[in-house]
Every structure is written in C-alpha cells, then in structure tokens.
Amino acid sequence: MSNNENKLSDYIDSLNAEKKPKEHGQEDISPELEELMKTVRQVKSLKEPAMPDSGFGRRVAQAAAKNKKSRKSWFVGFAAVAAAVMIFALSFTIAGRNNIVYAMEQAFQEVKAYHGYIEIIQTNAAGDEAVQGKREVWADKSGSYYVKEVEGTQEGLVTINNGQSKWQIQPDSKEVHVFSAFPDPYRFTFELGEEVEDVKNAVETKKIGEEQVAGREAVVLEVSPQGGEKYKLWIDKETKLPLKKQSAMQNALQYTITYTHIDFESAIPAELIAYKLPEGFKEVNTNKEQLVNNLEEAKSVAGYSVKAPAEIPEGYLLDSIAVELDAKIVKFYYTDTDKQNTVVVLQGKAAGEFKPSTKAVLGKINDSIAELQSPIAADSEILSGGGLYAGVTDISSIRWQEGGFEYAVVGNTAMDDLGLFVKEIAGAEIELPSQADMPAAKPQVEVPVDLEIEKNEQKSVDAGHSPWKLDPVFVAQVFASLKLSPEGITGDYPIAYESLEVEQNTGVEAIIKVNDDKSPISKIYLKKLIRQDNTGIWTVVGYDNAQ
Amino acid sequence: MQDEKSIEELCTSTWEPLYRFIYYKVQNRQEAEDITQETYMKALTYIQKNNIKIDKHIGFLKTVSLNVLRDKWRKSKRHGKIVDIEAINPEEAAVEDSAEVSAQHDAVQTALNSLKEEYRTVVELRILQGYSVAETAKIMNKQEGAVRVLQYRALQKLAAVLRNRD
C-alpha cells in the first residue's frame with residue numbers, strides 16, 4: 001500500500017479525533033495529497049462542527065481581558081515578545097486547570113489523614129500584620145476532624161466530629177456542647193480537601209511564580225474561584241499539596257493562612273476523637289435526637305407509622321435511625337460505603353399546605369409538587385424542624401408531601417443519589433423539570449434586557465449586595481409593583497410577596513403567577529441570564545397582561 | 001474597547017461565529033480553539049494600539065483569523081497573500097459567507113452522490129460517521145488495507161468531480 005494512502009487515512013483519523021493533523025503547517029506535502037486532504041475537510045464540513053466545552057467562550061473572554069491589562073506597561077516595542085508570553089499564559093489557562101492542579105488532586109487522593117499546625121495572619125491596608133490565631137488540626141478523608149485553638153481569642157477551644165457526633169470542649173465555661181454530626185456547617189479554614197475541591201472547581205488557575213514557604217519549595221498559583229475574589233495558593237513542590245493561602249484584600253483586610261507544619265498519617269489517633277467528658281466539665285446536649293433501634297421503636301417514639309425506603313440504594317448503608325423529639329421527625333441516616341457522603345431521609349406529619357421555597361427548582365413526585373434545592377438555600381417545614389441545613393453549601397434536598405406526611409431526602413451527595421432514595425420511599429421516579437417542559441407560549445410582552453447591566457448586577461450580588469435577586473418571586477414582586485407604581489415605591493410593595501406563586505421553576509427559567517386583582521399583569525417570565533447555578537440572578541424577560 | 005468589560009463582551013458575543021468560521025477551515029476542534037484564541041490576541045492588540053472603534057467585529061475577526069491560519073500553515077504562496085492587518089478597513093471586512101458555505105455544501109453533497117456506491121459508503125463511514133478503519137472494514141466486510149485503498153480512490157474521484165466543477 002502506498003505511503004500516501006496511509007497518510008490520508010491517518011489524516012482522517014486525526015480530524016475524527018478533533019485533533020490537529022501534523023500535516024497542518026507542514027511544508028513538504030505533495031499537491032496531490034494536499035488536494036485530497038482538502039477534499040476530506042470539505043466532506044467533513046457537511047457535519048456540524050465539534051464545539052468546545054461550555055466554558056470556552058468565558059475562558060477566551062477572560063484571557064483576552066486579562067492580557068490587555070497585563071500588557072499595558074511593557075507592550076510598546078515588545079509586541080512580539082508580549083504576544084509569545086500571552087500565548088504561553090493562555091495555553092495555561094485554556095485547559096482551565098493545569099498540571100499542578102491535576103497533580104494536587106492525585107496527591108490528595110493518596111492522603112488518608114493529616115495532622116498540621118495552621119497560622120492565620122491578618123494584614124490591614126497599611127500592611128500591619130497580626131497573628132489572628134494558631135490551631136492544631138487533625139482531619140481524615142471520612143470528614144472526621146479534631147481542631148484545637150492553640151493561640152488567639154478562642155485559645156483552648158476544641159471542636160471534634162467523629163462522624164457519629166460532634167462536640168465542642170469550651171474550657172472557659174467548662175462545658176462540652178454536643179451537636180448532631182450531620183449536617184455539620186463547620187469547616188475549619190484551609191481544610192485540604194475543601195481547598196483541593198475549590199481549586200478543581202475554579203474558573204481559572206494560573207501559575208504565577210515559585211517561593212519558599214516554611215522552608216519548603218512551593219509553586220504559587222493564582223486561583224479565580226466561581227464568584228468571589230481571586231486568591232493565591234502556594235503548593236508544596238514535593239507533596240503537591242497546599243501549604244499557604246492568601247486572600248485578596250477585602251474591606252481593607254487580608255488573610256494569610258499557612259500550614260507551618262504538616263504530617264500525613266494513616267488515621268486520626270482514636271483517643272482524640274473518642275467522646276469523653278473531661279473532669280469538672282458539664283455536658284450541654286443541643287442534639288434533640290433520640291437514637292432508636294428499629295422501625296417499631298421509631299413508631300412508638302414518633303407516634304405514627306413510619307415509612308422506610310423499600311430498599312437501600314446500592315452503595316449506601318443504613319447508619320442509624322433517630323427521632324427528633326420536639327417535632328416528632330423520624331430520620332434515617334445513610335452513609336455511602338466509603339463514609340464520604342451522608343444521606344438523611346426525614347419523615348414527619350405535614351403541617352399544612354405544601355409551600356416550596358421560592359428559590360427552589362420545582363419537580364414532581366407522584367403528581368405532587370417536589371421542592372429541589374442544591375444547595376439548600378432556605379429550610380422550611382420539615383427541613384427546619386430537622387436540623388439546620390440552610391447555608392451549608394454542599395447539602396442538597398428534595399422535599400414533598402404525600403398522604404398527610406411530609407418527606408425530605410437531604411444529603412451532601414449528588415441530586416441523582418437523592419433521587420434514588422426518593423424512588424424507594426415514594427415508589428415513583430422524581431420528575432425533574434427540564435427546559436423542554438417550559439410552555440412554548442411566549443410572554444405576551446417581552447421585556448428588553450441589557451446584558452451589560454445584568455452582568456454588573458450579578459457582580460454586585462456576588463459581592464453580597466441585593467441577595468433578593470436570587471429569589472425569582474422577589475424579583476417578580478419588584479417588577480409587578482413597579483408596573484403598578486411606575487413612579488417608584490414608597491413604603492410597602494403594592495403587590496404582596498404572598499400573592500405571588502411559582503408556577504414553574506426549572507432553575508434556569510421561571511414563571512411566576514400574580515394573584516392580585518389590582519395587578520396589571522398576570523404572569524411574569526424570568527430567566528437566569530448570566531449564570532445558571534444557584535448563585536445566578538433572575539431577570540424579568542417578559543410578562544402577560546391581566547385579562 | 002476601553003476596558004476589560006468591553007473586551008469580555010466582545011469575546012462573549014463573537015466567539016461562537018468566529019469559532020465556527022475557523023472550524024469550517026480546519027475541521028478539528030483542537031486547532032479551531034487555538035486559532036480562535038490567537039485571533040483575539042492579534043485583533044485586540046491591533047484595536048488597542050490604534051485606538052479604533054470597530055462596528056462589524058465579526059468580519060474583522062474573521063479576516064484576522066485567516067491571517068493567523070495562513071501564518072500557521074505557512075502556505076501563503078499557494079493560498080494567497082497574507083492580508084495586511086493595517087490595511088484592512090474594518091468596516092468593509094468580509095462578513096457574509098454563509099451563502100458561499102451553503103453553495104459549497106451543495107457541491108460536495110452532489111459530488112458525493114455522484115460516486116459509485118462503494119466509494120460513497122467508505123467516505124460516509126470514515127468521514128461523516130467517524131468510524132475507524134477497523135470498524136469500517138468490519139461493516140464493509142473488507143480487509144483494513146482494502147479500506148485505506150478504497151477511501152483513497154474514493155477521495156481522488158471526489159476531488160476530481162469537485163475540481164471539474166470549479
């Protein structure tokens with residue numbers, strides 16, 4: 001077979017793999033082969049192009065915008081060098097994550113447990129530094145930890161979570177406060193697992209230099225997180241794990257957190273995470289859950305028949321059953337086999353009509369409305385009765401009512417996994433909303449949107465201002481109220497929040513019904529235009545006039 | 001083009017048509033992504049250096065991208081001269097090419113249909129369906145070597161049909 005036949009075949013394979021063929025840019029190709037390659041491209045052009053991943057546009061924009069900034073001082077006269085440097089910098093950011101990040105992920109996977117000393121330094125705008133605290137930490141992969149404040153305002157305070165329970169030894173008051181182990185909103189600053197996760201999920205990471213930290217060689221990364229200010233992270237060249245972190249200067253304060261010492265161990269010493277009331281200390285139990293042994297016991301404590309999941313989804317084990325004594329909520333705790341994730345199934349008597357959180361995505365279970373939150377932004381009804389879940393960023397929930405009971409499945413795991421539990425309780429799949437479910441009917445009146453303004457609004461919300469923009473009902477209320485009083489609103493909104501009803505919410509698009517006779521509009525259509533996750537703001541894109 | 005925001009805005013609103021334009025030429029994602037990136041670098045440098053305002057961004061960007069591509073493929077002699085960026089009037093830079101693309105598609109499709117069945121099948125399986133030589137061999141009940149020979153001849157024939165059309 002001729003060489004050209006093989007070359008042409010390899011060329012086709014390259015294009016099929018969406019890789020640049022080596023012939024592109026090669027000078028010594030015969031005109032015949034070149035024509036055949038062109039023909040291959042022409043044929044392939046009949047297909048739709050393979051598009052880049054969804055973050056490509058954003059990365060291009062950010063890289064381009066950044067370049068402009070960095071070029072200012074030394075651009076003139078050095079265009080060629082600058083271009084080379086820019087392209088180099090770009091190749092780093094294009095992948096979104098670089099080799100260092102990958103190495104860090106791999107290195108952390110090997111870690112079983114670690115023991116370290118952390119120093120937190122606060123720097124003010126004038127550059128004055130003050131040690132804010134020093135702490136000793138032990139942490140392992142299952143989420144257990146032991147944190148002791150060694151220096152600072154809370155000196156002596158010890159916080160421990162061993163997966164079964166959580167407690168805090170407060171030497172000042174000679175008290176030990178006991179909490180439930182899950183959910184645990186506490187994450188000690190600079191916990192390595194969280195840190196690695198943050199870098200993995202960052203919009204961009206860029207190597208900006210190399211430095212020594214506590215006598216160790218480190219690579220300095222600049223991390224642009226999803227929302228929030230950029231920060232610097234020092235990665236130990238040898239262990240490939242974070243050593244130091246420096247936040248951006250915010251409100252004239254900057255924090256530098258350093259592992260002044262760290263060892264990697266096989267486990268946290270058992271005696272450190274075994275519950276024991278120190279002598280002379282009083283136990284304060286804030287955990288109102290009573291553990292029970294089986295369904296019968298749960299039933300007698302709760303006072304009603306308890307429905308358990310028909311089968312435990314694969315990969316999970318029943319950890320315990322408990323009854324929240326005040327609200328009579330029964331909780332089944334499940335952990336996955338490597339004890340990384342916890343799922344709690346809650347059941348209680350329905351306290352009235354089901355009112356989903358206005359920020360939640362709405363689905364259906366057995367034709368009843370189901371509230372889906374990821375993460376939980378608002379805990380109402382059974383969620384609030386069953387422990388404080390809201391604001392714990394890695395916890396999602398599905399909540400619904402059926403047969404006079406309210407159920408919820410809560411966990412620090414994927415929505416899909418929660419859905420498996422729902423299926424076992426409700427005996428039906430959860431119907432998730434999709435864009436396809438949005439009615440084809442367009443709003444009667446479209447509202448023009450200025451994306452530039454929305455982008456700025458999003459930034460402002462990211463910085464903590466106007467959090468109501470994350471609530472489609474609130475955004476709709478302001479819109480409807482302004483329609484009624486275009487000159488501005490003084491005092492209460494003329495359209496009450498309670499008179500608005502979420503008709504549909506897919507998490508990206510929402511339709512809000514206005515149940516108010518004086519409202520000139522009957523329905524408001526909203527979209528998340530800038531970012532489509534739970535941190536994205538809602539924008540009114542249209543409305544229907546009242547009949 | 002005064003600040004970061006407007007650069008981001010420019011990229012966000014133009015990257016997709018620009019990428020599609022480049023992909024059409026190179027037919028692989030890796031190269032299309034690279035050239036898209038580089039096009040913005042070159043274009044922004046030019047725009048900022050000259051402090052000019054461009055209305056028809058996409059036309060200007062496409063022209064710049066052709067330069068980047070030609071630069072990379074280093075075939076200016078055969079494929080025409082490099083367009084001098086300085087000499088481009090951004091307002092007039094070519095924008096419309098969808099009609100051309102569509103005519104090209106028709107021509108390729110017609111040429112493909114004119115091939116004998118075995119040729120058409122091998123081209124469709126290998127290029128349009130993206131099957132490997134081994135998979136194609138299995139489907140067509142042939143040896144892998146035979147598939148390579150067949151696809152070569154099929155493309156030779158197709159190129160000839162397209163050449164005669166020009």
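Taken together, the residues in the range A:30-50 that are outside any helix (DSSP H, G or I) and either facing chain B (nearest Cβ under 7 Å) or surrounded by 15 or more Cβ atoms within 10 Å (Cβ to Cβ) (or both) amount to 5.
Consider the range A:431-466 and keep the residues that are part of a loop (DSSP other than H, G, I, E, B) and at pLDDT 85 or above. The one that is surrounded by the most Cβ atoms within 10 Å (Cβ to Cβ) is A:Pro443.
Which of the residues spanning the range A:255-272 are farther than 12 Å from A:Tyr114 by Cβ, of a type in the set (A, V, I, L, M) and either touching a strand residue (DSSP E or B) at 6+ places or on another chain (Cβ under 8 Å) or surrounded by 13 or more Cβ atoms within 10 Å (Cβ to Cβ) (or both)?
The initial filter retains those residues of the range A:255-272 that are farther than 12 Å from A:Tyr114 by Cβ, namely A:255-258, A:260, A:269-272.
Within this subset, residues satisfying the condition of being of a type in the set (A, V, I, L, M) are A:257, A:270, A:272.
Those that are farther than 12 Å from A:Tyr114 by Cβ, of a type in the set (A, V, I, L, M) and either touching a strand residue (DSSP E or B) at 6+ places or on another chain (Cβ under 8 Å) or surrounded by 13 or more Cβ atoms within 10 Å (Cβ to Cβ) (or both): A:Ile257, A:Leu272.
Can you say whether A:Lys19 is surrounded by fewer than 15 Cβ atoms within 10 Å (Cβ to Cβ), of a type in the set (Lys, Arg) and part of a helix (DSSP H, G or I), as far as the supplied structure shows? Break it down stepwise before answering.
Numbers: surrounded by fewer than 15 Cβ atoms within 10 Å (Cβ to Cβ): yes; of a type in the set (Lys, Arg): yes; part of a helix (DSSP H, G or I): no.
No; evaluated as a whole, the condition is false for this residue.
Specify which of the listed residues (A:Pro375, A:Pro313) is closer than 30 Å to A:Gly464 by Cα, in a loop (DSSP other than H, G, I, E, B) and in contact with a strand residue (DSSP E or B) (Cβ under 9 Å, 6 or more places away or on another chain). Before you say what the answer is, go through the steps one by one.
Values: A:Pro313 fails: closer than 30 Å to A:Gly464 by Cα.
Within the list A:Pro375, A:Pro313, the selection yields A:Pro375.
Restricted to the range B:1-47, and to residues there that are among the small types (Gly, Ala, Ser) and buried (at least 24 other Cβ atoms within 10 Å of the Cβ), the residue that is modelled with the lowest pLDDT is B:Ala43. Each residue in the range B:116-165 was checked for being of a type outside the set (Lys, Arg), more than 11 Å from every other protein chain (Cβ to nearest Cβ) and outside any helix (DSSP H, G or I), and 1 of them qualify. Restricted to helices (runs of 4 or more DSSP H) entirely inside the range A:52-125, those with at least 2 residues that are polar (S, T, N, Q), at pLDDT 80 or above and surrounded by fewer than 17 Cβ atoms within 10 Å (Cβ to Cβ) are A:99-110.
Among residues of the range A:237-254 that are under 25 Å from A:Gln109 (Cα atoms), those with a Cβ under 6 angstrom from a residue that is assigned to a loop (DSSP other than H, G, I, E, B), sequence gap 6+ or separate chain, pair up as A:Lys245/A:Phe190.
When the residues of the range A:473-531 are filtered to those that are at pLDDT 90 or above, among the aliphatic types (A, V, I, L, M) and in a strand (DSSP E or B), which remaining residue is nearest to A:Lys459 (Cα to Cα)? Looking at residues that are at pLDDT 90 or above, among the aliphatic types (A, V, I, L, M) and in a strand (DSSP E or B), I get A:Leu526.
Given the options A:Tyr275, A:Tyr255, name the one that is in a loop (DSSP other than H, G, I, E, B), modelled with pLDDT under 90 and of a type outside the set (D, E, K, R).
Values: A:Tyr255 fails: in a loop (DSSP other than H, G, I, E, B).
Being in a loop (DSSP other than H, G, I, E, B), modelled with pLDDT under 90 and of a type outside the set (D, E, K, R) holds for just one of A:Tyr275, A:Tyr255, which is A:Tyr275.
Restricting to the range A:313-349, name every residue that is aromatic (Phe, Trp, Tyr) and within 26 Å of A:Lys112 (Cβ to Cβ). Across the range A:313-349, the qualifying residues are A:Tyr316, A:Tyr333, A:Tyr334.
Provide a single number: the residues in the range A:192-230 that are of a type in the set (D, E, K, R) and in a helix (DSSP H, G or I). Walk me through it before giving the result.
Of the range A:192-230, the ones of a type in the set (D, E, K, R) are A:194-195, A:197-198, A:200, A:204, A:206-207, A:210-211, A:216-217, A:222, A:229-230.
Checking which are in a helix (DSSP H, G or I) leaves us with A:194-195, A:197-198, A:200.
Result for the range A:192-230: 5.
One residue alone among A:Glu149, A:Glu129, A:Glu136, A:Glu119 is farther than 24 Å from A:Asp263 by Cα and among the charged types (D, E, K, R), and that residue is A:Glu129.
The values are calculated or read from the model by the stated rules, or taken from the named source; none is laboratory data. Just so it is clear, the structure is predicted and the values come from calculations on it, not from any experiment. Quick reminder, even Gly has a Cβ in these numbers, built from the backbone with ideal geometry, and neighbours come from all protein chains shown.
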